[in-house]
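Here the structure comes first, spelled out in structure tokens, and everything after it is commentary.
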Amino acid sequence: MTAMLSVTGVKTYYGNIVALKGVDVEVNEGEIVTLIGANGAGKSTLMMTICGSPRAREGSVVFNGRDITNLPTHEIMRLKIAQSPEGRRIFGRMTVYENLQMGAAVDGNTHFQDDLERMFTLFPRLKERLHQRGGTLSGGEQQMLAIARALMTRPRLLLLDEPSLGLAPLVVKQIFDAIRDLNRTEGLTVFLVEQNAYHALKLAHRGYVMVNGVVTMSGTGKELLERPEVKAAYLEGGH
Amino acid sequence: MSSPLAGDGAARPSPFAAALKDAVVSGVITFLLFLPLVGFRATESGSGPLTLTYRFGLCATFAILVAVLRLVLHLTIWRPGRQKAARGTPSPLAAVGGFISPMAKPAFFALALFYPLIAIVVTGGLTPSRYWIDLGIYIGSYVMLGWGLNIVVGLAGLLDLGYVAFYAVGAYAFALLSTSVPINDWMAGHLGENFWALWSFWVCLPVCGILAAMWGVILGFPVLRLRGDYLAIVTLAFGEIIRLVLINWTDFTNGGAGIASIPPISFFGIPFTAADDGFAARFGLTFDPMHRIIFLYFVIVALSLLTALATLRLRRMPVGRAWEALREDEIACRSLGINTTLTKLTAFATGAMFGGFAGAFFAVRVRFVSPESFTFIESAMILAIVVLGGMGSQMGVAAAAVFMIGGMEMLRNLSFLKSDWLLGPDFDPTLYRMLIFGFAMVAVMVWRPRGLVSGRLATIFLKERKKVSGDLVKEGHG
């Protein structure tokens, strides 16, 4: 089986500073794959490199057999890839409804009403907040909105950058449950970048560990959870 | 609290004593500050040397004014222990706003439509109403410019300090085309003797818009990667470049002398003259030069409405929503597959196009263009209208234009200050209007930090349209 998304030997630089030193990651159809690592390991850089901003200076990113390494960002995002960016980045002054609508804007709103109902079943909170400004939502609600907005583009691959950032454990659980649901019921492929290693690895089918711009370990979520190095570096301190 | 200034109250600090002390201190500070600035004045006596005059009395007046004002404020609004109105309850201003807002739009449009009639009736004739109708045209131009810039700044969030460049492009495009001899000759040969003089405005109006839009794209390209402060600096430079080119390219633009004898506006080909085929004769009226002025008023109202309606339509279309999303977050836009390059360029081009229309209108109204009219202060004024009005709000921008332009004009008429018991006959109120105007802007920004109209209507909605409040959102973000 060829992978849905394969990142091969990708090197990314910020100016002259190397951020990714040759990364190989594969995501197969129907999987949840997580990438964990410490601050500054290059997790978000990899996520953004997949989206084409910044671009990989070497190596290639292939999605569904198509080389997307040098496509402009907005064209990559039209290929049934959706991203919930780091820090949520919802449109603060637009209502929840308008935010969701922006997600559906590119394919011309053809499935808008159906998709809206799906989002309401997935995140009932959004329905209550429909006419509120995005900026007035709580952090957890904003994260739900960011994911829902990404899902409105009807993606086959969802890229999630740190959805648990700054959220209460209960809310993190809600969001991770929603991701699991989406994967089980709709077969959505998810690539999840997380600092919250325990929850991410429990959720994911497979995982990668990144240190200083290099993938140092990979395996199934369970395997990684039991690896002593992972335990020592990312799981100490209780959950 | 042992200040000798506070007198008896010093032993037992009462609010009054404290207020008095503060008032005296501020009075003294004011006096000292004003002493070098206002107290000494160098006047030119004839062709002779400068003579120094002293105005200590005026300084004292200002000092007393400040002292009394602070005393009153300390005893009323700033009084310690004064119960502040609960944060949760809406301010009386908001209540008034809520009461007025449903009527505001129809009332505003009715006023705009009947304004010339009201002016004529109130002043008692066509000729005396000229000042007021001219003022209406002047305000109308700024409403239109404000609405045009609102697309770039208010909707797309691209801070443009050089908007006047597009205004200049529109004005010069019309001035050059309408006074061009070859075009006139060609038109005379093909479409009749006076065709170009009569129709030039109506033919050139779209051309000016398109030219300005092209310049919008030309400006847009190099600044695509800039945002915020950096964008503001580059657009500011762009505005100045256009003006300097207009001054220095003498062969083409006639330099600082400007372009005169631009043909006047016609009623769709019928000239406003006393001749037999003129507007008055055709419509059975007695000739009056005011007909042209009133027609100009309605043209600017129509052009403004065109801008407003186009903006409203665009906001509901994908491109308009993309502008608003772009203002909020560029990275999120890209992650949703929106082409931010194209979105920015369309915002620049659309905003510039309306600036170009306004420029053409300016040229046909004044019938003379020179680089003097397109200085940075114009850009600043238009931007101030947009910001004061509440970015993105059409009604707010219109209200701000009326308030700022009309208010500035009214401040010219402060001749009552010249009376002997106030500031004396030497006082020139027109010199102070910028100062008063500055105070007014500060006041608006203190009490209405998000502009006059801070809420916005959701552009799309489910079942019913709800107003989105500006409250609870950070300043500058709502």
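A short reminder: the numbers here are calculations on the coordinates, not readings from a lab. Keep in mind it's a predicted model, so treat the numbers as computed, not measured. Please note: Cβ atoms are built from the backbone with ideal geometry, for glycine as well, and neighbour counts cover all protein chains shown.
Scattering from segment B:137-373 was approximated by placing one identical point on each alpha carbon and applying the Debye formula without solvent; log10 I(q)/I(0) at 0.12 1/Å stands at -0.70. When you restrict to C-alpha pairs under 8 Å that are six or more residues apart and normalise by the size of chain A, the relative contact order lands at 27 percent. Exposure proxy for A:Lys202, A:Lys222: other Cβ atoms within 10 Å of each Cβ, ordered fewest to most, give A:Lys222, A:Lys202.
Across segment B:137-373, C-alpha contacts under 8 Å between residues 6 or more apart give a mean separation that, scaled by the residue count, equals a relative contact order of 42 percent.
Less than 5 angstrom separates the built amide H of A:Val190 from those of A:Glu31, A:Ile32, A:Val33, A:Leu158, all sequence-distant by 5 or more or on a different chain. Inter-chain neighbour count for A:123-134: the average number of beta-carbon atoms from partner chains within 10 Å of each residue's beta-carbon is 3. Approximating the spin labels as points 7 Å out from Cα along Cα→Cβ, the B:Met103-to-A:Asp107 distance works out to 5.0 nm. The tail of the calculated P(r) for the protein assembly as shown beyond 37 Å holds 56 percent of all Cα-Cα pairs.
Note on segment A:15-119: the C-alpha convex hull projects to 8.6 nm² when averaged across all orientations. Across segment B:15-75, C-alpha contacts under 8 Å between residues 6 or more apart give a mean separation that, scaled by the residue count, equals a relative contact order of 47 percent. The phi-based Karplus calculation (6.51 cos²θ - 1.76 cosθ + 1.60; θ = phi - 60°) puts the 3J(HN,Hα) values of segment B:280-295 at 4, 5, 4, 9, x, 10, 7, 5, 8, x, 5, 3, 5, 5, 5, 4 Hz, whole numbers, x for Gly and Pro. Applying the Karplus relation 6.51 cos²θ - 1.76 cosθ + 1.60 with θ = phi - 60° to segment A:113-126 yields 3J(HN,Hα) values of 4, 4, 5, 4, 4, 4, 5, 5, 6, 6, 10, x, 4, 5 Hz, where x marks Gly and Pro.
Only counting other Cβ atoms within 10 Å, I'd like A:Ile81, B:Ile377, B:Ile405 sorted with the fewest neighbours first.
B:Ile377, B:Ile405, A:Ile81
A viscosity of 0.890 mPa s and a temperature of 25 °C, combined with the Kirkwood radius over Cα pairs in Stokes-Einstein, give a translational diffusion coefficient for segment B:15-75 of 193 µm²/s. Look at the dipole of the protein assembly as shown built from charges on Cβ: of B:Ile270, B:Gly256, B:Met144, the Cα furthest out on the positive end belongs to B:Met144. With R₀ fixed at 22 Å, the C-beta to C-beta distance from A:Tyr13 to B:Arg225 puts the FRET efficiency at about 0.75. Here the Karplus curve 6.51 cos²θ - 1.76 cosθ + 1.60, taken at θ = phi - 60°, turns the phi angles of segment B:226-231 into couplings of 9, 9, x, 4, 5, 4 Hz, with x standing for Gly and Pro. Legend: calculated FRET efficiency, A:Ser138 to B:Ala110, from the Cβ-Cβ distance at R0 = 45 Å, rounded to 0.05, equals 0.55.
Given Cβ point charges of +1 (Lys, Arg) and -1 (Asp, Glu) and nothing else, what value in debye, to the nearest 20, does the dipole of chain A about its Cα centre take?
320
Counting neighbouring beta carbons within 10 Å and listing from fewest to most, the residues B:Met381, B:Met441, A:Met77 come out as B:Met441, B:Met381, A:Met77. Using the Cβ-Cβ distance between A:His205 and B:Leu312 with R0 set to 45 Å, the FRET efficiency from 1/(1 + (r/R0)^6) comes to roughly 0.35.
Kindly provide the helix-only [θ] at 222 nm of the protein assembly as shown, computed as the sum of -39,500 (n - 2.57) over DSSP H runs of four or more divided by all residues, to the nearest 500 deg cm²/dmol?
The helix-only estimate for the protein assembly as shown comes to -16500 deg cm²/dmol at 222 nm.
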